[in-house]
């Protein structure tokens, strides 16, 4: 071993940047700009007062002297920093979170002493059914079980399909894969009727069940494919080591399937989080989720961008956190070293 | 420590017969090597013993217990896989301790066993690493380590060296032999490499097409192959075969090979009475064809005129690819031999050591005529 290592010439020549690498970098930068510009625009707009949003573009946000007189700093000789302070506000977020729908702002209305309709002017307004605050909580209540349940069930099913021998295994799997083509709209009426019979329409379990049912075929399909790529030897070795199916599943398959589970979790989470149709049909206005609330803002306020941008940003927050938290699983190749290759 | 017995074991996959009526008695503490070309059923036979395949018919016994319906984990065997099958997400320590943890041994005992096995194999320094941080040779050791911590009755090896480079393979071969002596346990080892079989085995079972061809010690297998397949499979370069005929002229027996004939030594003549005037296959190993200049004096030498086609100098010997008529064959001669392409020369066949196979008894795999080993 040592002689082999010694005979290897040690070469540490610096690699020159290849042209293709520069091309890649330029491409990535272009895509980044394409993605980031609208996002930054959304973010900047969401912090601007209504009067400015309606008159000037977000890219002029740092030009403190434009826009209508009502939006100008009262003292024309104030410093740039002072002027800049009046050009940004968190009122949009406050209004969106509390669900304030008046002509001014929630803070101004409360400060003037006249309580806006249905508001208490205290922390309890965050749970106002018309606000994004409440919708955020509802969205979380909908999304977390709707992500965990189908994956949990699919994991067991996928293990069985991939590594347990039973009659009709391929037939059942084929049916499951086939089920993926059923359009969601087709099932709305029958499921709605069924849920009505069970008396769970308009409750969270209804949405959990629906999302679980709809998430399962794809989840099983994906996890089975991922599990069946694990080398057979690993399983046989574990059986010889004395493991039963549960122990193999728990100690070998689960850790090695983590990247697949993570990516599946992200997809399912995003799908449920961004879903409007299912929550509209099964929850409606009784327990509004964020997508439902955003759609309400558009329809009821037409050009109420200030609320829309803030609400949109609020609804983006959690998906972004989830993605950044789990993204390493996309990159990491856990299988390296399992089998000589 | 245990004996293993295969009793009339069959394994079929649909219509395909993988193992055909295998009878094999493996003694306690034996190092048995199952060898054969790929697809000969050797790995299937091993997997049947491990319990990873159900047997179609027959019985497999460990000691005196029939284990057909015993779960793999209850057979008290450990297996080293060709791919090593290390758990990629566990450290070397956890890989080795996995089976012990599942068997609910206490922590101190597990630790003692793992450390001890690691020391035996010289991998103490690697215990904290993950498999992907190991070289091929180190992974192979860990795989062996994972088997020996369990202290099983029987060790199974499924081509454990095939992923190593040539040098490491030679080294590991010796280590496995040493390990076998130290552990004093039954080893069953599957390989397609006859060199591995010859160097490590206490007995070799040669398999082909699902059938056991011969079971014996390496030396007997080499000197007295039962049939054409074993004769050709064991030994490298392989034995030379010539189609010919046994004839008797004026009381002397010859093997007539068309373009030349060799005389059968007198004391061998009774053995070949049964094949006189019949088509036979004559076999002689490359090392039994000598350059007359350097041939040992005691052999019964039969001269043959040949043309040299190719010479391969190995340092300690020379392989000569020779032509006589339509016969091509290889000789393994003394390195002082000075010949080159196109030369004519005379070589001598050592008629102390040759084999005659009778295709009329089995055209697929002719058995040896008058062999000393009996079924």
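The values are calculated or read from the model by the stated rules, or taken from the named source; none is laboratory data. These numbers come from a predicted model, not from an experiment. Counting neighbours? That spans all protein chains shown, and the Cβs are built from the backbone with ideal geometry, glycine included.
Quick notes on this one:
- Among the candidates B:86, B:127, residue that is in contact (Cβ under 8 Å) with a residue 24 or more places away in the chain, in contact with a helix residue (DSSP H, G or I) (Cβ under 7 Å, 6 or more places away or on another chain) and crowded, with 23+ Cβ neighbours inside 10 Å: B:86
- Checking each residue in region B:123-153 for being over 17 Å from residue A:241 (Cβ atoms) and within 13 Å of chain A (Cβ to nearest Cβ) picks out B:126, B:129, B:130, B:132, B:133, B:134, B:135, B:136, B:137, B:138, B:140, B:141.
- Among all positions in region B:154-166, there is no residue which is within 14 Å of chain A (Cβ to nearest Cβ), farther than 24 Å from residue B:45 by Cα and touching a helix residue (DSSP H, G or I) at 6+ places or on another chain (Cβ under 6 Å).
- The condition (being within 14 Å of chain B (Cβ to nearest Cβ) and either closer than 30 Å to residue A:194 by Cα or modelled with pLDDT of 90 or more (or both)) is satisfied by just one residue among A:252, A:294, A:266: A:252.
- Those strands (runs of 3 or more DSSP E) lying entirely in region B:22-99 with at least 1 residues within 23 Å of residue B:159 (Cα to Cα) and within 8 Å of chain A (Cβ to nearest Cβ): B:77-80
- Residues within region B:181-201 that are closer than 15 Å to residue B:155 by Cα and either crowded, with 20+ Cβ neighbours inside 10 Å or modelled with pLDDT of 95 or more (or both), tallied: 9
- Every condition in (1) farther than 24 Å from residue B:258 by Cα; (2) under 30 Å from the mean Cα position of the chain (by Cα); (3) assigned to a loop (DSSP other than H, G, I, E, B) holds for residue B:338 except the one numbered (2).
- Residue match in region A:203-217 (condition: touching a helix residue (DSSP H, G or I) at 6+ places or on another chain (Cβ under 8 Å) and either on the phi > 0 side of the Ramachandran plot or part of a loop (DSSP other than H, G, I, E, B) (or both)): no
- Members of region A:78-123 found to be assigned to a loop (DSSP other than H, G, I, E, B) and closer than 30 Å to residue A:66 by Cβ, listed by number: A:78, A:79, A:88, A:89, A:90, A:100, A:101, A:102, A:103, A:104, A:105, A:112
- Candidate set from region A:231-250 (those that are assigned to a helix (DSSP H, G or I) and without any contact (Cβ under 8 Å) to a residue 12 or more places away in the chain); member that is nearest to residue A:320 (Cα to Cα): A:250
- Residues of region A:213-249 classified as more than 30 Å from residue B:74 (Cα to Cα) and within 14 Å of another protein chain (Cβ to nearest Cβ), total: 0
- For region B:284-299, filtering for residues that are touching a strand residue (DSSP E or B) at 6+ places or on another chain (Cβ under 7 Å) and part of a loop (DSSP other than H, G, I, E, B) leaves 3.
- Check on residue B:77, in contact with a strand residue (DSSP E or B) (Cβ under 7 Å, 6 or more places away or on another chain) and in contact (Cβ under 8 Å) with a residue 12 or more places away in the chain: yes
- Scanning region B:337-374 for residues that are out of contact with any strand residue (DSSP E or B) (no Cβ under 9 Å at 6 or more places or on another chain) and farther than 18 Å from residue B:265 by Cα turns up B:338, B:363, B:364, B:374.
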